[in-house]
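Engineer: Quick one: this structure, given as C-alpha coordinates, is what I'll be asking you about.
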Amino acid sequence: QVRLVESGGGLVQPGGSLRLTCTASGIKFSIHQMYWYRQTPWKERELVASIDSGGATNYVDFVKGRFTISRDNAWSTVYLQMNSLKPDDTAVYYCSVKRQGLDHWGKGTLVTVSS
(Lines give C-alpha, C1' and ligand atoms only; values in the text may rest on other atoms or scores of the structure.)
Protein backbone atom coordinates (compact mmCIF):
# COMPACT_ATOMS: atom_id res chain seq x y z
CA GLN A 1 0.00 0.00 0.00
CA VAL A 2 1.39 3.36 -1.04
CA ARG A 3 1.57 5.89 1.75
CA LEU A 4 2.79 9.47 1.56
CA VAL A 5 3.09 11.62 4.67
CA GLU A 6 3.77 15.34 4.42
CA SER A 7 5.01 17.55 7.22
CA GLY A 8 6.68 20.89 7.78
CA GLY A 9 3.84 23.29 7.07
CA GLY A 10 2.93 26.15 9.34
CA LEU A 11 2.52 29.89 9.68
CA VAL A 12 5.31 32.06 8.30
CA GLN A 13 5.68 35.76 7.60
CA PRO A 14 6.10 37.06 4.05
CA GLY A 15 9.71 36.68 2.99
CA GLY A 16 10.21 33.74 5.31
CA SER A 17 11.14 30.13 4.62
CA LEU A 18 9.78 26.66 5.26
CA ARG A 19 10.95 23.19 4.35
CA LEU A 20 8.32 20.60 3.59
CA THR A 21 9.03 16.89 3.91
CA CYS A 22 7.25 13.94 2.34
CA THR A 23 8.11 10.42 3.40
CA ALA A 24 6.96 7.57 1.20
CA SER A 25 6.36 3.91 1.90
CA GLY A 26 4.97 1.02 -0.12
CA ILE A 27 6.94 1.93 -3.24
CA LYS A 28 10.43 1.45 -4.56
CA PHE A 29 11.05 5.12 -3.95
CA SER A 30 14.27 5.53 -5.91
CA ILE A 31 12.72 4.70 -9.29
CA HIS A 32 9.78 7.08 -9.08
CA GLN A 33 9.36 10.67 -10.12
CA MET A 34 7.99 12.64 -7.20
CA TYR A 35 5.78 15.70 -7.28
CA TRP A 36 4.72 18.57 -5.03
CA TYR A 37 1.33 20.14 -5.70
CA ARG A 38 -0.65 22.78 -3.88
CA GLN A 39 -4.31 23.69 -3.58
CA THR A 40 -6.40 26.52 -2.20
CA PRO A 41 -10.21 26.59 -1.79
CA TRP A 42 -10.53 28.92 -4.78
CA LYS A 43 -8.17 27.18 -7.22
CA GLU A 44 -7.70 23.73 -8.63
CA ARG A 45 -4.75 21.70 -7.43
CA GLU A 46 -1.66 22.89 -9.27
CA LEU A 47 1.76 21.42 -9.83
CA VAL A 48 4.59 23.17 -8.03
CA ALA A 49 7.67 21.07 -8.71
CA SER A 50 8.87 17.60 -9.65
CA ILE A 51 12.02 15.55 -9.39
CA ASP A 52 12.73 12.43 -11.38
CA SER A 53 14.63 9.31 -10.38
CA GLY A 54 17.88 10.80 -11.64
CA GLY A 55 17.44 14.01 -9.71
CA ALA A 56 16.38 16.23 -12.61
CA THR A 57 13.99 18.91 -11.44
CA ASN A 58 11.21 21.00 -12.91
CA TYR A 59 9.41 24.00 -11.47
CA VAL A 60 6.43 26.05 -12.45
CA ASP A 61 7.24 29.65 -13.25
CA PHE A 62 5.74 31.16 -10.12
CA VAL A 63 8.17 29.32 -7.82
CA LYS A 64 11.34 29.35 -9.92
CA GLY A 65 14.23 30.84 -8.02
CA ARG A 66 12.37 30.57 -4.70
CA PHE A 67 11.59 26.87 -4.21
CA THR A 68 13.93 23.89 -4.41
CA ILE A 69 12.84 20.26 -4.63
CA SER A 70 15.24 17.54 -3.59
CA ARG A 71 15.15 13.90 -2.59
CA ASP A 72 16.94 11.44 -0.33
CA ASN A 73 16.44 7.94 -1.66
CA ALA A 74 18.03 6.37 1.42
CA TRP A 75 15.18 7.78 3.50
CA SER A 76 12.44 7.59 0.81
CA THR A 77 11.92 11.29 1.33
CA VAL A 78 11.33 14.26 -0.93
CA TYR A 79 11.72 17.84 0.25
CA LEU A 80 10.47 21.21 -0.84
CA GLN A 81 12.56 24.12 0.39
CA MET A 82 10.50 27.28 0.08
CA ASN A 83 12.18 30.67 0.39
CA SER A 84 10.95 34.23 -0.10
CA LEU A 85 7.43 33.10 0.64
CA LYS A 86 4.54 35.28 -0.44
CA PRO A 87 0.93 35.42 0.76
CA ASP A 88 -0.06 33.87 -2.59
CA ASP A 89 1.90 30.75 -1.59
CA THR A 90 -0.68 30.06 1.10
CA ALA A 91 -2.12 26.63 0.32
CA VAL A 92 -2.25 23.00 1.30
CA TYR A 93 0.81 21.33 -0.17
CA TYR A 94 0.58 17.72 -1.32
CA CYS A 95 3.16 15.14 -2.21
CA SER A 96 2.32 12.80 -5.08
CA VAL A 97 3.64 9.79 -6.94
CA LYS A 98 2.34 7.84 -9.91
CA ARG A 99 2.57 4.09 -9.55
CA GLN A 100 1.19 1.57 -12.01
CA GLY A 101 -0.79 4.30 -13.71
CA LEU A 102 -2.43 5.55 -10.53
CA ASP A 103 -1.77 8.82 -8.76
CA HIS A 104 -1.23 8.59 -5.04
CA TRP A 105 -1.48 11.52 -2.66
CA GLY A 106 -0.68 12.36 0.90
CA LYS A 107 -3.09 14.21 3.17
CA GLY A 108 -1.23 17.47 2.70
CA THR A 109 0.36 20.05 4.95
CA LEU A 110 -0.96 23.59 5.33
CA VAL A 111 1.30 26.53 4.62
CA THR A 112 0.05 29.94 5.65
CA VAL A 113 2.03 33.04 4.69
CA SER A 114 0.77 36.02 6.62
CA SER A 115 1.98 38.91 8.72
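The values are calculated or read from the model by the stated rules, or taken from the named source; none is laboratory data. These numbers come from a predicted model, not from an experiment. Counting neighbours? That spans all protein chains shown, and the Cβs are built from the backbone with ideal geometry, glycine included. Keep in mind that these areas ignore ligands, DNA and RNA; they rest on the heavy atoms of the full protein, side chains included. Shrake-Rupley method; radii C 1.70, N 1.55, O 1.52, S 1.80 Å.
Engineer: Give the ranking of Phe29, Phe62 by solvent-accessible surface, highest area first, calculated with a 1.4 Å probe.
Structural biologist: Values: Phe29 10, Phe62 85 Å².
My answer, sorted largest first, is Phe62, Phe29.
Engineer: Please state the relative contact order of the chain as a whole percent: Cα pairs under 8 Å, 6+ residues apart? Before the final figure, lay out the partial values.
Structural biologist: Values: 275 pairs, mean separation 42.2, N = 115.
It comes to 37 percent, rounded to a whole number.
Engineer: Dipole magnitude of the chain about its Cα centre, charges +1 at Lys/Arg Cβ and -1 at Asp/Glu Cβ only, in debye to the nearest 20? Show your work: numbers first, answer last.
Structural biologist: Numbers: 13 positive and 9 negative charges, 38 e Å.
Magnitude of the dipole: close to 180 debye.
Engineer: Please work out how much accessible surface Leu47 shows to a 1.4 Å probe, ignoring ligands, DNA and RNA, in Å² rounded to 10.
Structural biologist: 60 Å²
Engineer: State log₁₀ I(q)/I(0) for the range 75-115 at q = 0.22, 0.24, 0.30 Å⁻¹ as given by the Debye formula over alpha-carbon point scatterers of equal weight, solvent excluded.
Structural biologist: Debye curve over Cα of the range 75-115, log10 I(q)/I(0) at q = 0.22, 0.24, 0.30 Å⁻¹: -0.83, -0.91, -1.10.
Engineer: Can you tell me the convex hull volume per residue for the chain, based on C-alpha atoms, in Å³ to the nearest whole number? Numbers along the way, then the final one.
Structural biologist: Values: hull volume 10.9 nm³, N = 115.
Once divided by residue count, the hull of the chain is 95 Å³.
Engineer: Related question: So how do Ile27, Ile51 rank on accessible area, 1.4 Å probe, biggest first, that is with the largest at the start? Show your work: numbers first, answer last.
Structural biologist: Details: Ile27 30, Ile51 5 Å².
Largest accessible area first, the list is Ile27, Ile51.
Engineer: Which percent of the Cα-Cα distances in the range 1-56 go past 20 Å? Display every interim value, and only then the final one.
Structural biologist: Values: 584 of 1540 pairs.
When all Cα pairs of the range 1-56 are counted, 38 percent exceed 20 Å.
Engineer: The range 50-80: which trypsin sites (Lys or Arg not before Pro) are DSSP loop and have at most 15 other beta-carbon atoms within 10 angstrom?
Structural biologist: The qualifying sites are Lys64, Arg66.
Engineer: Okay, next question. What accessible surface, in Å², does a 1.4 Å probe find on His104, ignoring ligands, DNA and RNA and rounding to the nearest 10?
Structural biologist: 50 Å²
Engineer: Under Stokes-Einstein, with the Kirkwood radius over Cα pairs standing in for Rh, what whole-number D in µm²/s applies to the range 49-97 at 10 °C and 1.306 mPa s? Numbers along the way, then the final one.
Structural biologist: Values: Rh = 11.8 Å.
Value of D from the Cα-based Kirkwood radius: 135 µm²/s.
Engineer: For the range 15-22, just list the computed ³J(HN,Hα) in residue order, Karplus coefficients 6.51, -1.76 and 1.60, θ = phi - 60°, integers in Hz, with x standing in for Gly and Pro.
Structural biologist: x, x, 10, 9, 10, 8, 10, 10
Engineer: So for the range 15-60, taking the charge dipole from beta-carbon charges (+1 Lys/Arg, -1 Asp/Glu), which of Tyr35, Ala49, Leu18 sits furthest toward the positive end?
Structural biologist: Leu18
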